[in-house]
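Novice: Here it is, the structure, as structure tokens.
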Amino acid sequence: MPSCKSVYEPQEDSTLLERYVRQYSRGEVLDVGTGSGIQAIAASQNPNVASVLAVDVQRGAIDYCRENIKNPKIKFLQSDLFSNVKGKFDTVISNPPYLPQELKLKDLTIEGGKKGYEVIEGFLNDVNSFLKPDGIILMVFSSLTRKNKVDEFIRNNMLDFEEIGKVHIFFEDIFVYLLRKNNFLKKLEGNGINNVKYLARGHRGLLFTGLYKNRKIVVKTKNPQSRAIGRIENEAKWLEKLNKRKIGPKLIKAENDYFVYNYIDGDFIADYIKKSNKTQIKKIFKKIFNQMFALDKLKIDKEEMHHPLKHVIISKQKPYLIDFERTHYAKSPKNVTQFCQFLMSGHLAKILKDKKIFVDKSRVIGLAKVYKNNQNIANLNKIINAI
Ligand SMILES: C[S@@+](CC[C@H](N)C(=O)[O-])C[C@H]1O[C@@H](n2cnc3c(N)ncnc32)[C@H](O)[C@@H]1O
């Protein structure tokens, strides 16, 4: 029995997981948070297992295992989750700590962080990069961790799961999940997109970051909860069209159910304004107005420019419009006038005031009306000069 304080003495969660580890492990195995080494030993005893790499964040646990477990199939390594791990595995095992932290000093053997699920979240966010395409994950966790959160992390990371074991002890249920990469993730990886990580979720779209030909990209696909049809294809077409006018991030690749564009490393518009000085802000407004004008001239309405908080990213003093989900042709597009509305909105008032930028509402409204009736460059410049 382990004696060192940093070694987790196997409990019901350990023995439940051990049963499935014995049964399902195969090929090259990674055990994350090995503790006493119980799962690593169980895996090594399956004849289908070639080798086991067992890691733990605590030096004490690794020293304990190295001293007490002499098994040629198993190697031990100190690592904070995957930080020191290299390669891809057929089986990844984990019994992560899952209780919310009680004292200032975290008990690494059982506490996962302030909410309890932080280590599980970190594990699920990174595990795909260490899992072969048809690899499996065996993970145990308890109802003392918020199960809906765990299920959310699993969904966001494009994993499919099956509950293969469950026991009830005292106040908690303990679950064992068998997880695999979902078909969409396998398809992305098959098309050379790696390191896929969840970025954000909108009403209609799901966004992931990834690496494609050594550059950071964004993958946009349909949110399975959305009933809208053909939006992804449509948005990719708009992006391709607008790229020719130097609008939007560069489209890299489009398939029927997803498209890929260059990742823009920058700030959303409100954050940019907060960080920048008056001259920089005015320059950016001018550049955005010019893009709005280009769209108006093309008779294209981007929509939502009166509230573009998540629709404009500024990188290296250049604004990039993103999100063309609702873009359409229109007889009288409202891009410029909607952006005027945004600059006069309550949301921006305080931020602009802090930067000593004052928008004379009645003047801008008047100029916007003139522009609306005659969308030309002279009328646009009058608006720009008024701000
Ligand atoms: C609940 S114990 C499980 C131990 C053993 N695998 C078992 O099934 O009995 C959790 C283990 O995860 C380790 N751990 C906690 N945070 C970690 C992290 N960020 N990276 C790697 N291991 C971690 C702890 O040191 C502890 O050994």
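Novice: From the phi of every residue in segment 18-24, what ³J(HN,Hα) in whole Hz does the Karplus formula 6.51 cos²θ - 1.76 cosθ + 1.60 yield, where θ is phi - 60° and glycine or proline is x?
Specialist: 3, 4, 6, 4, 4, 6, 9
Novice: Tell me the volume per residue, in Å³, of the convex hull enclosing the alpha carbons of segment 41-108.
Specialist: Considering the Cα atoms of segment 41-108, their hull volume per residue is 110 Å³.
Novice: Compute the Kirkwood hydrodynamic radius of segment 186-262, taking the inverse of the mean of 1/r over all pairs of distinct Cα atoms, and give it in Å to one decimal.
Specialist: 12.7
Novice: Once you keep just the Cα pairs under 8 angstrom separated by 6 or more residues, what percentage relative contact order results for segment 186-262?
Specialist: Relative contact order, segment 186-262: 23 percent.
Novice: Looking only at Gln78, Gln11, Gln39, which one moves most when the chain is put into a Gaussian network model with springs between Cα atoms under 10 Å?
Specialist: Fluctuation is largest for Gln11.
Novice: Take the Cα atoms of segment 322-387, find their three principal axes, and give me the spread along each one in whole Å, biggest first.
Specialist: 37, 28, 15
Novice: Taking amide H positions as placed 1.01 Å from N in the peptide plane, with prolines and chain starts having none, which residues 5 or more places from Tyr98, or on another chain, fall under 5 Å of its amide H?
Specialist: The answer is Gly112.
Novice: Now for a separate question. Magnitude of the Cβ-charge dipole of segment 141-287, K/R +1 and D/E -1, about the Cα centre, nearest 20 debye?
Specialist: 1320
Novice: If every alpha-carbon in segment 218-276 counts as one equal scatterer, what log10 I(q)/I(0) does Debye give at q = 0.18, 0.24, 0.26 1/Å?
Specialist: Cα-only, vacuum Debye calculation for segment 218-276: -0.72, -0.96, -1.02.
Novice: Using modelled amide H (1.01 Å from N, peptide plane; none on Pro or chain starts), what sits under 5 Å from the amide H of Ser36, excluding residues fewer than 5 places away?
Specialist: Tyr8
Novice: Related question: Per residue of segment 165-170, in order, report the coupling 6.51 cos²θ - 1.76 cosθ + 1.60 (Karplus, θ = phi - 60°) as ³J(HN,Hα) in whole Hz, putting x for Gly and Pro.
Specialist: Per-residue couplings from phi come out as x, 7, 9, 10, 10, 6 Hz.
Novice: Per residue, how much space in cubic angstrom lies within the convex hull of the C-alpha atoms of the chain?
Specialist: 168
Novice: Rounded to two decimals, what is the ratio between the C-alpha radius of gyration of segment 267-386 and 2.2 N^0.38 Å?
Specialist: 0.99
Novice: Can you give the charge dipole size of segment 249-375 about its Cα centre, rounded to the nearest 20 debye, using +1 on the beta carbon of Lys and Arg and -1 on the beta carbon of Asp and Glu?
Specialist: That gives segment 249-375 a dipole magnitude of about 800 debye.
Novice: Same structure again: Give me the dipole magnitude in Debye, nearest 20, for the chain about the Cα centre, with unit charges on the beta carbon: positive for Lys and Arg, negative for Asp and Glu.
Specialist: Its charge dipole is roughly 3220 debye.
Novice: Still on this structure, I have one more. What does the helix-only formula give at 222 nm for the chain: each DSSP H stretch with n ≥ 4 adding -39500 (n - 2.57), the total divided by the residues, and the result rounded to the nearest 500 deg cm²/dmol?
Specialist: -10500 deg cm²/dmol
Novice: Right, another one. Using amide H atoms built in the peptide plane, which far-off residues or other-chain residues are under 5 Å from Asn223 H to H?
Specialist: When sequence neighbours closer than 5 places are left aside, the close amide H contacts are Gly205, Leu206.
Novice: Quick one: if you take sqrt(5λ) for each eigenvalue of the C-alpha gyration tensor of segment 12-180, what semi-axes come out, biggest first, whole angstrom?
Specialist: 22, 19, 16
Novice: With springs only between Cα atoms under 10 Å apart, run a GNM on the chain and tell me which of Asp90, Asp360, Asp257 wobbles the most.
Specialist: Asp360
Novice: Follow-up question, since we're still on this one. Kirkwood-based Rg over Rh for segment 133-277 (C-alpha set), two decimals?
Specialist: We get a ratio of 1.07 for segment 133-277.
Novice: Which residue fluctuates most in the GNM of the chain (Cα springs below 10 Å): Ser276, Ser36, Ser94?
Specialist: Ser276
Novice: Using only the alpha carbons, work out the radius of gyration and Dmax of segment 201-330 in angstrom.
Specialist: 14.7, 44
Novice: I've got another one for you. Using the Karplus equation 6.51 cos²θ - 1.76 cosθ + 1.60 (θ = phi - 60°), what ³J(HN,Hα) coupling, rounded to whole Hz, does each residue of segment 107-119 give in order, writing x for Gly and Pro?
Specialist: 7, 4, 6, 10, 9, x, x, 4, 8, x, 9, 4, 5
Novice: Okay, next question. Once you have the alpha carbon radius of gyration of segment 249-301, what is it after dividing by 2.2 N^0.38 Å, with N set to its residue count?
Specialist: Compared with the compact-globule rule of thumb, segment 249-301 sits at 1.49.
Novice: Based on DSSP, what percent of beta bridges with both residues in the chain are antiparallel, to the nearest 5?
Specialist: 70
Novice: Kirkwood Rh over alpha-carbon pairs of segment 284-353, then Stokes-Einstein at 25 °C and 0.890 mPa s: what D in µm² s⁻¹, rounded to an integer?
Specialist: Answer from the Stokes-Einstein relation: 199 µm²/s.
Every read-out reported here was derived from the displayed coordinates using simple, explicitly stated rules and does not represent laboratory data. As the structure is a computational prediction, the values presented were derived from the model and not from experiment. A quick note on method: Cβ atoms are made from the backbone with ideal geometry, for glycine too, and the neighbour counts reach across all protein chains shown.
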